[in-house]
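S.K.: The structure is given below, and queries will be raised subsequently.
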Amino acid sequence: MFPFAGPTDAGIGLFNACSCSSGGLRQSVLPRMVVLSLGVAVLLCCSTAISDHMVDVPLGAIFEDEKTLQEEEAFRYAVDQINADRTILPKARLVPRLVHLDKGDPLLAIRKGCNLMADGIAAIVSSTSCPTNIALQSVCNAMHVPLVFVARDNCQVTAGRKYTLSMRPEASGIDRALADVIIQQRWRSMVVFYDDYYAFSRIQNVLALTRGNFLEVIVLKLPSLSNGSQVIVGLPSGQKEISDYGEKLKRVVVLCTVENTIRLVKQANQMNLFTPEHHWVIANQEVSDKQLQAINASRGVLTVVRKLISFSEYTDKFMAYWRSLPANVTNGATTSPYDVKMTAAYMYDAVLHISRAVYALFLDRQWIGPNKLRCSIDVSVPWPGGPPLMETLRKVRTPGVLGKSGFDDTGYNINSQMQVLRLEKVVNKTRVQVAGMWDPVTRLNTTARTLPGANPRIDIRNKTFRVVTLEEEPFVFKRITPIGVKWEGFAMDMLTELSKLLGFKYKVYEVQDKKYGSPQEDGTWSGMIGDVMQGDADFALSAITITPQRERVVDFTKRYMDFAVGILLRKPVKKTDLFVFLDPFHVNVWLCTIAAFILVSAVLFLLHRIGTRKTSDDPSDGPDFNLRNTMWFVYGSFVQQGGDLTIGRMPTRILTGVWWLFTLIIISSYTANLAAFLTVTRMDSPIRSFDDLASQTEIPYGTVTDTSIAQFLASSDVETYQRLWSFMKSENNSAALVRTAQEGFQRVRKGKYAFLWDVPVIEYEALTDKNCELTTVGKSIYSKGYGIAFPSADPYRDEFTLAILQLQDSGTLDKLRHKWWPKNGKCKLDQDGASSSSSALDLDNFAGVFCVLAIGVVLACAVALLEVLWHMYRRRREKRNFPAKENGELTCKGGCQSPSNVTVRKDDNGEIHIIVSPTITQVQVQPNLLIPAQTPAKPSTWEPTKRNKEEYVPMKKVEFALPPEGCSKQQEYVRNVDDFTTRL
């Protein structure tokens, strides 16, 4: 099972071989003792020769193009030294099998790797580009052949590749070392330069590790020089860019190749951007001592973080060999291990580590010789010796050129100790001093308490600050109490939270000139900025905005609230329209609808009359189809209430059907549009943006003088803002600018004035207005922020900034915002100046409808009164002409007395009973009432005969109730009082 055999077994086997070779001697005439003596001598000779025999351990190596010349030289030296030194790998020898790739071709790398496995190898070491390395990881993982790679770039171990090891430490360990160095500097802002050597994801990792320490981080990418590019890496060029970046370039982190780093520092020296105030940190584990001398750091402070080399006997032997190589191989003289190419040293340690693991398997008798493997999709049998070898590679710890190498479960080298250096300019040379070291366990250990260039730590507790402020609701306002003035507001609440967090005390006073601060002609500043510059106040706190002009004279903390400019207006007066129910249709539509109503009524009546004359015996359309009833029918159809008429003829039905379709469309459209008009309140404002404000002259507008808003409008290059400022400064509008914000608010409440001011302030004013008559309009311009102003280079500024960040992260500032800018306040904030929101309908929406109803009621009552008066007048006139008897007898035509057998009786319920004897042939009760001339032969219910001009007077329908016994009894018929009372 084990190809490797012990000395005893080897001796026995060779003894048998020697016995066979001396067989001829035993058959000779020599004595047996002589033969035996000769055999023993041969056995001893053969045993001595076999004791030098080694088990072959084939080791594959893949190198890519001429850039790996030093790595290949280190590999050959490692194999030769290990085979020569029997203490490293006794009783075995490494058999190198080298493969070269002309270019980075992953498919070619897979084919070359499979060819190595077909010959039988124990492991593969490689120094290739990342794409090639990823391809090798895949094939080695499938065949269970360990791959130990020395990455030239920041290649990573692919997740799930159990048979891959990286000689470089994991990138996160280096990032943690860099983060600890940056944190100890106590920087609050920095600029990061990086190129392809340092992946952007690692920059994100560094920023995450230093979260909460920085106020501002600028990340700039430089072109890579790995492709032979000779582009000069770019710092900001031009006076404007240098002035913008000059302050920020005082704290810089360089995460680039060594070549880019050297060029960057040289360019900064040439542009005089590297002064004693500048502190740069260079993080590159491969930077050498010769390259540090080439940096020539001028007068600035330069900190370098690189790989720490722990010296050992292997370091000395390797350095002795490396110095013996030609200069074209080592790229110049080598004075220290740091001058050796880092990947070459890693290659030596990789071969040495594999040899230690193989020897450990020999001792445990778990070594399995390599098989000739076949890479195939169909049939692929992995090497059974791969798992024990891989497990041993992870367990052993091997001292080497760079220190003790070992691997964790992720496949990375655990030797990630870093060295921290300080570079100083001495005469014409750069002196390198060790400032400390970093270890994954003990973290950063420095020779001094802080690294050179670090910001000193200040004690702020129990210090009393003098704070200047300016009343600006809701940020700051004062309330008079029996014990004195009490300051309240959002800014004051934030100051209280800061004092609790940092442990300081404060005294607040109000600036005398009531101004935030602006430059004066003599070079001084007014307002709060002036008090801070003159030292009257330690810092200024109010609704003070951060502007470039102010930042030149004072230092601001990080913004604690965003700032923008808006327009404050008085809400348009809501007009009450009594006839809003007419708004869904234009007046032309209403006129056309009325015309259609009249036209259809007339045509419908004419069609009936024309048809009646032609077919007088057709009872389809009833006798009540007159013009009055026709118009009532058309109106009832229009309002969806129907009519009393019966439409039977085809022409009238066609017209009626078309009218119904017309009314359906009209009424449906009216109903839908009316709902929108009643449920949506429209308060149109002529001003909805700054462009609208600048393009009109009816409403004057302005802002507070000597403020950042006034300075912005005065210096702006935008046409709209230039027109706004020209209007404010014109002679006709000399009163447009106001002295204080409160004055501007009062002018807005009086009407016809627009006030430009801070959005948070005007929003608060609109939310808390007593009459809810203010609104904000326009898209915000000039987006900045509010901050606390400190004197230039004040050491307390950074402490306050960090405290503000903590208040933001904890949500304290959000709670204060909700306190002073409530969402559900007394008034609703209108951001557009024209509300378009659904709300409950009030009486104003229905005032016109109620007016129409009231007019209808009054009109109906007036007509009813006129009818009563008219009928009373007619009755009095008839009584004078035809006096009726008190007993109720009917009067005959021409004034004759009615027969005694015709009587009238009126009941209490209003009914009139007329009793007529059967012998009566004709009685005229009224001019419109007739009794039949002949008594019917049979008892029945019948109607009077139709009108005959010669015999009868026009009458209405009368029903007669005849008794079932016949005509011998009296007849009785009943009519309602309304039909007879006015006629009797």
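The values are calculated or read from the model by the stated rules, or taken from the named source; none is laboratory data. Being a predicted model, the structure only gives us computed values, none of them experimental. Glycine gets a Cβ as well: all are built from the backbone with ideal geometry, and neighbour counts include every protein chain shown. Ligands, DNA and RNA are excluded from the accessible area calculation, which covers all protein heavy atoms including side chains. Shrake-Rupley method; radii C 1.70, N 1.55, O 1.52, S 1.80 Å.
S.K.: So which residues in segment 692-733 are among the β-branched types (V, I, T) and either part of a helix (DSSP H, G or I) or in contact (Cβ under 8 Å) with a residue 12 or more places away in the chain (or both), if there are any at all?
M.R.: Passing the criteria: T697, I699, T703, V704, T705, T707, I709, T720.
S.K.: If you don't mind, another one. Return the pair list, or none, for Cβ contacts closer than 8 Å from residues in segment 386-397 that are in contact (Cβ under 8 Å) with a residue 12 or more places away in the chain and basic (K, R) to residues that are assigned to a loop (DSSP other than H, G, I, E, B) and open to solvent by 20 Å² or more (accessible area, probe 1.4 Å), at least 6 apart or on different chains.
M.R.: Once the first residue is in contact (Cβ under 8 Å) with a residue 12 or more places away in the chain and basic (K, R) and sits in segment 386-397, its partners that are assigned to a loop (DSSP other than H, G, I, E, B) and open to solvent by 20 Å² or more (accessible area, probe 1.4 Å) give R394/D408; R394/D409.
S.K.: While we're here: Working only within segment 482-501, note down all residues that are touching a residue at least 24 places away in the same chain (Cβ under 8 Å) and open to solvent by 30 Å² or more (accessible area, probe 1.4 Å).
M.R.: D493, E497, L501, listed by residue number.
S.K.: In addition: All but one of (1) modelled with pLDDT of 80 or more; (2) among the hydrophobic types (A, V, I, L, M, F, W, C); (3) open to solvent by 40 Å² or more (accessible area, probe 1.4 Å) hold for F690; state the number of the condition that does not hold.
M.R.: Of everything listed in (1) modelled with pLDDT of 80 or more; (2) among the hydrophobic types (A, V, I, L, M, F, W, C); (3) open to solvent by 40 Å² or more (accessible area, probe 1.4 Å), F690 misses just condition (3).
S.K.: Continuing with the same structure: Of the residues that make up segment 282-289, is at least one open to solvent by 30 Å² or more (accessible area, probe 1.4 Å), under 41 Å from the mean Cα position of the chain (by Cα) and not small (G, A, S)? Full working, then the answer.
M.R.: Going through segment 282-289, the residues open to solvent by 30 Å² or more (accessible area, probe 1.4 Å) turn out to be 286, 289.
Filter once more, so that each one left must be under 41 Å from the mean Cα position of the chain (by Cα): 286.
Applying the additional criterion that residues be not small (G, A, S) yields 286.
The answer is yes; a qualifying residue exists.
S.K.: Then there's this: Just to verify a result, which residue in segment 181-210, among those that are hydroxyl-bearing (S, T, Y) and in contact with a strand residue (DSSP E or B) (Cβ under 7 Å, 6 or more places away or on another chain), is least open to solvent (accessible area, probe 1.4 Å)?
M.R.: Y198
S.K.: May I ask you to list the residues in segment 95-129 that are more than 19 Å from E64 (Cα to Cα), among the hydrophobic types (A, V, I, L, M, F, W, C) and open to solvent by 10 Å² or more (accessible area, probe 1.4 Å)? Lay out the reasoning, then the answer.
M.R.: We begin by selecting, within segment 95-129, every residue more than 19 Å from E64 (Cα to Cα); these are 95, 118-122.
Checking the rest, the ones that are also among the hydrophobic types (A, V, I, L, M, F, W, C) come to 95, 118, 121-122.
Of everything in segment 95-129, those that are more than 19 Å from E64 (Cα to Cα), among the hydrophobic types (A, V, I, L, M, F, W, C) and open to solvent by 10 Å² or more (accessible area, probe 1.4 Å) turn out to be V95, A118.
S.K.: Could you list, in sequence order, the residues of segment 153-180 that are among the small types (G, A, S) and open to solvent by less than 20 Å² (accessible area, probe 1.4 Å)?
M.R.: S166, G173, A177, A179
S.K.: Could you tell me whether any residue of segment 297-317 is in a loop (DSSP other than H, G, I, E, B), touching a residue at least 24 places away in the same chain (Cβ under 8 Å), over 22 Å from R168 (Cβ atoms) and of a type in the set (K, R)?
M.R.: Within segment 297-317, one or more residues are in a loop (DSSP other than H, G, I, E, B), touching a residue at least 24 places away in the same chain (Cβ under 8 Å), over 22 Å from R168 (Cβ atoms) and of a type in the set (K, R).
S.K.: If you don't mind, there's one more thing I want to ask. Does segment 302-310 contain at least one residue that is over 49 Å from the mean Cα position of the chain (by Cα) and within 30 Å of A179 (Cβ to Cβ)?
M.R.: Scanning segment 302-310, I find at least one residue that is over 49 Å from the mean Cα position of the chain (by Cα) and within 30 Å of A179 (Cβ to Cβ), so the answer is yes.
S.K.: Right, something else. Just one of (1) touching a Cys at 6+ places or on another chain (Cβ under 8 Å); (2) within 21 Å of T68 (Cβ to Cβ) trips up Y163, so point out which.
M.R.: (2)
S.K.: Sort out which residues of segment 541-573 are touching a Gly at 6+ places or on another chain (Cβ under 8 Å) and part of a strand (DSSP E or B), and write them in order of number.
M.R.: T545, F556, M561, D562, F563, G566, I567, L568, L569, R570
S.K.: Take residues that are modelled with pLDDT of 90 or more and tell me which of the strands (runs of 3 or more DSSP E) falling wholly in segment 458-529 contain 1 or more. Even if it seems obvious, please write down each step before you answer.
M.R.: Values: elements: 464-469, 477-481, 484-488, 505-510.
So the answer is 464-469, 484-488, 505-510.
S.K.: For segment 335-371, which positions are farther than 22 Å from P388 by Cα and assigned to a helix (DSSP H, G or I)? Quick ask: steps written out before the conclusion?
M.R.: So the first thing to find is which residues in segment 335-371 are farther than 22 Å from P388 by Cα, and the list is 335-348.
Of everything in segment 335-371, those that are farther than 22 Å from P388 by Cα and assigned to a helix (DSSP H, G or I) turn out to be P337, Y338, D339, M342, T343, A344, A345, Y346, M347, Y348.
S.K.: Also: Yes or no: segment 502-519 includes at least one residue that is of a type in the set (D, E), open to solvent by 80 Å² or more (accessible area, probe 1.4 Å), on the phi < 0 side of the Ramachandran plot and in contact (Cβ under 8 Å) with a residue 24 or more places away in the chain. Full working, then the answer.
M.R.: Here is the first cut: in segment 502-519, the ones of a type in the set (D, E) are 510, 513.
Pick out the ones that are also open to solvent by 80 Å² or more (accessible area, probe 1.4 Å) and you get none.
Among the residues of segment 502-519, not one is of a type in the set (D, E), open to solvent by 80 Å² or more (accessible area, probe 1.4 Å), on the phi < 0 side of the Ramachandran plot and in contact (Cβ under 8 Å) with a residue 24 or more places away in the chain, which makes the answer no.
S.K.: Checking L724 against (1) open to solvent by 20 Å² or more (accessible area, probe 1.4 Å); (2) closer than 17 Å to L569 by Cα; (3) touching a helix residue (DSSP H, G or I) at 6+ places or on another chain (Cβ under 8 Å): exactly one of these is not met. Which one?
M.R.: Result: L724 passes all but (1).
S.K.: Condition test on A84, is it among the small types (G, A, S), under 30 Å from A333 (Cα atoms) and under 54 Å from the mean Cα position of the chain (by Cα)?
M.R.: Working: among the small types (G, A, S): yes; under 30 Å from A333 (Cα atoms): yes; under 54 Å from the mean Cα position of the chain (by Cα): no.
Considered against the rule, which asks whether it is among the small types (G, A, S), under 30 Å from A333 (Cα atoms) and under 54 Å from the mean Cα position of the chain (by Cα), A84 comes out as no.
S.K.: Can you find even one residue in segment 769-790 that is under 26 Å from the mean Cα position of the chain (by Cα) and free of Cβ contacts under 8 Å to residues at least 40 places away in the same chain?
M.R.: Checking segment 769-790: not a single residue is under 26 Å from the mean Cα position of the chain (by Cα) and free of Cβ contacts under 8 Å to residues at least 40 places away in the same chain.
S.K.: Report the residue count in segment 747-760 for those that are at pLDDT 85 or above and within 38 Å of the chain's Cα centre (by Cα).
M.R.: Going through segment 747-760 one residue at a time, the tally reaches 6.
S.K.: Quick check, is S129 of a type in the set (S, T, Y) and at pLDDT below 90?
M.R.: It is true that S129 is of a type in the set (S, T, Y) and at pLDDT below 90.
S.K.: Also, I was wondering about something else. The conditions are (1) within 26 Å of S172 (Cα to Cα); (2) part of a loop (DSSP other than H, G, I, E, B); (3) out of contact with any strand residue (DSSP E or B) (no Cβ under 8 Å at 6 or more places or on another chain), and E391 fails exactly one of them. Which is it?
M.R.: E391 satisfies all of (1) within 26 Å of S172 (Cα to Cα); (2) part of a loop (DSSP other than H, G, I, E, B); (3) out of contact with any strand residue (DSSP E or B) (no Cβ under 8 Å at 6 or more places or on another chain) except (2).
S.K.: Assess whether F318 counts as being among the hydrophobic types (A, V, I, L, M, F, W, C) and buried (at least 22 other Cβ atoms within 10 Å of the Cβ). Break it down stepwise before answering.
M.R.: Numbers: among the hydrophobic types (A, V, I, L, M, F, W, C): yes; buried (at least 22 other Cβ atoms within 10 Å of the Cβ): yes.
So F318 fits the description; yes.
S.K.: Based on this model, can you work out whether S835 counts as open to solvent by less than 60 Å² (accessible area, probe 1.4 Å), farther than 30 Å from T210 by Cα, under 33 Å from the mean Cα position of the chain (by Cα) and at pLDDT below 75?
M.R.: Values: open to solvent by less than 60 Å² (accessible area, probe 1.4 Å): yes; farther than 30 Å from T210 by Cα: yes; under 33 Å from the mean Cα position of the chain (by Cα): yes; at pLDDT below 75: yes.
When the stated conditions are applied, S835 passes them.
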